[in-house]
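Right, one structure below, let's go through it.
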Amino acid sequence: MSEQIKKLYKLKVNFLKKGKMIYFSQLDIFRLFMRALRRGDYPTVYTRGFNPHPQISFTRALKLGLEGEIQTVFYFEEEIDPERFKNDFSRQVPCDLEIVSIEPVKK
């Protein structure tokens, strides 16, 4: 079985978790990001397997009840304009989860 290897485009996004969002766990935030990507109709890369989900990487989990920054990498099938992503994605997530910075990951 031969599969075509697709080029991945990555966006590194730093979020500030504050307000009521401090009571959301890392798994809750992951689910929130999955719904936001689905609603935004982004060309997201999905994991392979029985239950595919969007490929998202977190650098480290922020403890429950703490305010702080979350660094996330989103994987896409095609290049996404960072400013467009920031504006569109911000409308899909609660205001207590603010995008601090966004940059494409170059390899």
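The numbers here are math on the coordinates, done by the rules we state, and not lab data. Nothing here was measured: the structure is a model prediction, and the numbers come from that model. Here the Cβ positions follow ideal geometry from the backbone for every residue, glycine too, while neighbour counts run over all protein chains shown.
Of the numbered criteria (1) surrounded by 13 or more Cβ atoms within 10 Å (Cβ to Cβ); (2) hydroxyl-bearing (Ser, Thr, Tyr); (3) closer than 18 Å to residue 101 by Cα, the one residue 57 fails is (1). Checking each residue in segment 60-90 for being surrounded by fewer than 11 Cβ atoms within 10 Å (Cβ to Cβ) and without any contact (Cβ under 8 Å) to a residue 24 or more places away in the chain picks out 60, 63, 83, 84.
Evaluate the following for residue 24: is it surrounded by 12 or more Cβ atoms within 10 Å (Cβ to Cβ) and farther than 23 Å from residue 103 by Cα? Spelling it out, residue 24 is indeed surrounded by 12 or more Cβ atoms within 10 Å (Cβ to Cβ) and farther than 23 Å from residue 103 by Cα.
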